[in-house]
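Take a look at the structure below.
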Amino acid sequence: MDSDISAADRIAIHEVIALHGHVVDDRDVDRLGEVFTDDVVMDVGGFGYGTIRGLAAMREVVRTAKAEEHPIGHHVTNIVVVGRDGDEVRARSKALAVGADGSTGTGTYEDVLRREPQGWRIGYRKAVPPNRAQ
């Protein structure tokens with residue numbers, strides 16, 4: 001854990017990572033800018049969805065996702081800030097998703113957050129499927 005990050009910044013980082021689930025599950029596309037930078041890159045290739053580039057594209061994906069293909073609940077836990085480089089930090093967290101049919105899934109978010117004038121925002125997120133190595 002990086003000790004060069006203030007407690008106030010840690011709380012703000014944790015909150016923006018947690019806010020993602022609320023905003024996406026509510027399909028409140030107008031609030032996605034409270035979570036992501038305008039130039040966000042979201043790599044969901046490990047789950048078969050490719051890469052989403054930019055806040056406008058992210059809004060469109062959330063707006064048009066079919067209910068049966070989109071989890072009804074995104075949950076995040078075990079948030080750890082793992083490094084800092086100037087106004088950017090790296091964080092890892094565990095993701096849990098619940099589908100409309102009751103199915104569940106898990107993975108890891110690997111985030112790079114950037115301090116913007118309005119606060120911390122996710123500029124890069126990679127959603128990593130669980131390691132199923134035997």
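The values are calculated or read from the model by the stated rules, or taken from the named source; none is laboratory data. All values reported here derive from a predicted model rather than from experimental measurement. Cβ atoms come from the backbone with ideal geometry, glycine included; neighbour counts cover every protein chain shown.
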**Message:** Exactly one of these conditions fails for residue 108: (1) without any contact (Cβ under 8 Å) to a residue 60 or more places away in the chain; (2) under 15 Å from residue 19 (Cβ atoms); (3) touching a Ser or Thr at 6+ places or on another chain (Cβ under 8 Å). Give me its number.
**Reply:** (2)
**Prompt:** Restricting the search to the range 24-50, which residues are more than 11 Å from the chain's Cα centre (by Cα), closer than 18 Å to residue 95 by Cα and modelled with pLDDT of 95 or more?
**Reply:** none
